[in-house]
1. Tell me, which helices (runs of 4 or more DSSP H) wholly within region 527-638 include 1 or more residues that are open to solvent by 60 Å² or more (accessible area, probe 1.4 Å)?
2. Determine which single condition residue 234 fails, assuming it passes every other condition in (1) open to solvent by less than 60 Å² (accessible area, probe 1.4 Å); (2) under 21 Å from residue 273 (Cβ atoms); (3) part of a helix (DSSP H, G or I); (4) at pLDDT 75 or above.
3. Can you tell me which residue in region 751-764 is farthest from residue 441 (Cα to Cα), limited to those that are at pLDDT 80 or above and crowded, with 19+ Cβ neighbours inside 10 Å?
4. So which of 793, 771 ends up being outside any loop (DSSP other than H, G, I, E, B), at pLDDT 80 or above and closer than 30 Å to residue 186 by Cα?
5. Check residue 643 against each of (1) open to solvent by less than 60 Å² (accessible area, probe 1.4 Å); (2) closer than 30 Å to residue 746 by Cβ and name the one condition it does not meet.
6. Could you name every one of the strands (runs of 3 or more DSSP E) located completely within region 318-397 that has at least 2 residues being closer than 19 Å to residue 568 by Cβ?
7. Yes or no: region 142-153 includes at least one residue that is under 22 Å from the mean Cα position of the chain (by Cα), open to solvent by 40 Å² or more (accessible area, probe 1.4 Å) and at pLDDT 75 or above.
8. Can you confirm whether residue 402 is touching a strand residue (DSSP E or B) at 6+ places or on another chain (Cβ under 6 Å), at pLDDT below 75 and open to solvent by less than 30 Å² (accessible area, probe 1.4 Å)?
Amino acid sequence: MPLDAAIASPTTTACVHCGLPAPDDDAPAFCCHGCEAAYSLIATCGLDRYYTLRDTPEHGELPASSDHTYAEMDDPSYHARHVIMTRDGLHAIELSLPSMHCGACMWLLERLPRLVRGVAEARVNLRQATLLVRWDNRAVPLSRIARTLDTLGYPARALAPDSQRQARIAANRRDLAHIGVAGACAGNAMLYAICLYAGLFEGIEPGPATMFRWLSLCVTSVALAWPGRVFFANAWASIRTRTPHLDLPISFALIAGGGWSLIATLTGKGEVYFDSLSVLVFILLAGRYLQKRRQQAGSDAVAALFTLTPTRARRVEGNSLREVPIESLALGDEIEVRAGDSLPADGVILAGDSSVDQSLLTGESRPAPIGVGSRVCAGTVNLGDVLRIRVEKTGDSTRLAGIVRLVEQAAQRRAPIVLFADRLAGLFTVGMPALAAIVAIIWLFIEPSRSVELGVALLVVTCPCALGLATPLTLVVGLGRAARQGLLIKGGDVIQRVAESRLILLDKTGTLTLGRPRVCAWEGDESIRPLVAALEGRTAHPVAQALREGYEHVALHVEKATHTTGAGVTGVVAGRTLRVGSPAFVARTLVPHEAASMLARTTQIAREGLTPVVVGVDGVLGAIALLGDDVRPEAADAVARLHALGLRVGILSGDHPSVVDAVARRAGIDSSSVVGGLSPEDKVARVQLARGGGRVVFVGDGVNDAAALAAADVGVAMQTGAEAALAAADVYIARRGLAPLIDLVVGSRTAMRTIRQNLVASFIYNVLAVTGTLLGLVTPLLAALIMPMSSITVLSVALRSRTFREASPTPPESHP
């Protein structure tokens with residue numbers, strides 16, 4: 001108990017949050033409203049175990065919320081990969097804490113030094129859900145710190161120090177600083193310009209006019225010399241490499257406009273348009289930064305795939321087990337994998353019979369039985385008994401790593417963003433400076449005094465800002481609206497490819513179906529369902545989970561439970577002998593005619609795409625459970641709407657062909673477009689073959705879909721998808737069901753219509769601007785006034801569009 005609580009007066013008690021005296025008329029007691037609010041926050045977030053841990057003597061330790069000892073974090077190889085030494089002799093590590101989600105979490109975690117002696121600092125990055133810890137390794141091991149975090153409900157894993165990531169963060173900060181400087185310069189230049197423009201109508205004394213010009217020159221010089229120097233650097237590189245670049249005409253416009261304004265300021269004659277130049281620099285830098293951040297988000301996709309394997313393994317060393325980081329595993333090592341754990345490496349089973357969930361790698365929703373001599377892959381999940389495995393492949397040589405490489409290769413093949421706009425920009429890059437020179441030469445013979453003036457005016461008024469903003473602004477607006485609808489699109493080019501697609505290929509499990517097995521029907525005695533649930537209560541097998549759903553709280557005594565891998569389970573429950581499993585497994589205990597009838601019925605069930613699980617009770621047939629992965633209720637309607645939009649729909653699945661065919665019939669998909677039993681590599685081949693007939697959209701949710709998602713013109717990951725699928729996809733649907741897929745297609749097509757409207761508007765504007773300048777109607781002052789209007793026009797068209805404005809209703813969450 002805190003010391004303050006011990007000295008509290010008899011009429012008071014200790015505040016449950018800080019330990020100071022508090023009135024004892026309430027329970028729990030608080031000394032102030034601040035402590036009450038803090039306690040409420042922590043309790044609401046499920047972090048009230050903090051108070052128990054806080055009052056625990058330092059030599060004691062609460063058991064963690066999981067059985068993970070984190071012993072691998074003390075391994076030298078782990079420290080070599082993840083831990084860095086600071087200048088003050090302390091160790092530092094950055095930990096990922098996915099469970100951290102609010103301000104109360106941050107408050108609690110940053111008090112880690114109070115909970116663990118030897119921790120010098122704990123600094124939280126709430127947005128990235130990371131915790132930077134500095135500690136004295138001589139006083140406390142890293143495993144003890146990790147167990148404390150686990151106790152509080154924050155399972156931790158390390159983020160490797162990444163020089164490239166740190167460099168990217170520094171570059172982003174530098175870009176933001178440039179945008180901030182450019183914005184400040186643009187704002188001040190516009191304020192000074194307002195004063196000068198007002199003087200055109202009301203008159204202005206020469207002294208103030210000169211002062212405002214010089215002030216505008218100063219702030220614009222900063223904008224051009226500091227944040228704006230990137231345009232000049234790119235333009236110079238374009239000249240040296242003889243490669244057209246959009247920054248070339250931008251640089252010409254900035255130099256021409258800045259030079260003309262400088263001469264006008266020095267001589268006191270002519271107009272200045274420092275404000276237009278400053279605003280141009282700010283708008284272009286801000287737009288490029290937004291585009292850069294979207295590209296960075298996409299580049300993180302492949303890195304996320306490596307989080308699918310566990311960070312540790314249990315290595316067999318003589319007669320004992322040792323938890324080690326997977327980096328220390330070597331070929332020939334023997335490891336132990338317990339039920340419910342993911343396999344850390346590829347290998348061969350040495351001991352144990354079990355089944356593995358391979359759905360993340362193969363898409364097969366049915367667990368695969370394995371035994372001694374079977375080969376297993378990293379990333380699959382052990383569902384049954386403890387396994388002993390000899391390691392054959394680790395790290396980059398595993399099958400999962402091979403799928404990652406496929407993702408990398410496919411991700412490199414990307415269509416250019418809005419090819420038509422790029423071609424126009426290329427023509428503009430070469431044409432506008434040449435056209436400005438032609439205008440100056442023509443007017444040299446007509447009116448020499450206006451020659452340079454009109455050449456500069458043409459460069460300013462035809463600045464590619466309008467053309468450059470036409471597509472990006474429309475896409476940014478569409479991306480923002482799509483995000484509010486739960487459609488997270490990784491780039492504007494994705495919208496174009498969706499709009500041009502004519503074929504949508506769907507994965508089955510988790511996409512067309514709900515992604516979890518459940519009892520669709522029960523044929524037989526309902527009273528034995530609690531007995532079956534009790535018998536299946538000791539395994540993590542998906543079939544067992546489905547059979548006990550709704551009966552989780554049944555407490556019946558189970559005796560002599562015996563599991564037969566790949567067949568079923570037997571046992572005695574409430575005095576009755578149960579045999580639950582495959583038809584062949586149960587048929588052994590039935591009389592011949594009853595077994596024959598049961599087998600005929602289960603064969604029919606299998607043809608319907610369902611999995612029969614038979615229950616025998618005391619030697620007779622008790623019931624047949626029909627298990628299936630339900631088709632989404634809105635699937636048929638969504639497929640019909642896609643057909644109405646002129647799209648063809650097909651299925652590529654790793655599940656059994658008969659199951660896939662049954663789902664296709666229920667969803668209204670032509671059987672000629674349905675293929676089952678595919679490996680991840682087969683899916684990639686099928687997608688690439690389909691791309692020969694036009695753009696293809698692939699929709700999936702598993703790791704087995706990751707390479708196909710990257711290989712397609714557009715990869716779409718569903719809400720319940722695996723992390724790898726979400727990372728590899730171009731679009732992430734954060735809403736339930738298939739209705740958002742309709743919104744994606746309709747919204748993308750609307751966005752492309754708006755883009756074409758903006759391109760036409762930009763083209764018309766530039767034609768009128770060039771014509772007016774050739775005729776001598778556009779002066780530099782008029783050019784400075786109307787150039788920003790082109791951007792405003794484009795923005796107005798983009799904002800008024802109906803791109804991703806209305807979302808289709810989300811179906812209610814389905815419950816078995």
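The values are calculated or read from the model by the stated rules, or taken from the named source; none is laboratory data. Just so it is clear, the structure is predicted and the values come from calculations on it, not from any experiment. Methodologically, a virtual Cβ is constructed for each residue, glycine included, from the backbone with ideal geometry; neighbour enumeration extends over all protein chains shown. The area values use the complete protein model at the heavy-atom level, side chains included, leaving out ligands, DNA and RNA. Shrake-Rupley method; radii C 1.70, N 1.55, O 1.52, S 1.80 Å.
1. Working: elements: 529-535, 542-548, 583-587, 592-607.
Helices (runs of 4 or more DSSP H) meeting the threshold: 542-548, 583-587, 592-607.
2. (2)
3. Across region 751-764, the extreme among qualifying residues is 751.
4. Criteria check complete, one pass: 771.
5. Here residue 643 meets the rest and fails (1).
6. 354-357, 368-370
7. Residues of region 142-153 under 22 Å from the mean Cα position of the chain (by Cα): none.
Checked against the condition, which is being under 22 Å from the mean Cα position of the chain (by Cα), open to solvent by 40 Å² or more (accessible area, probe 1.4 Å) and at pLDDT 75 or above, region 142-153 yields no hits at all.
8. no
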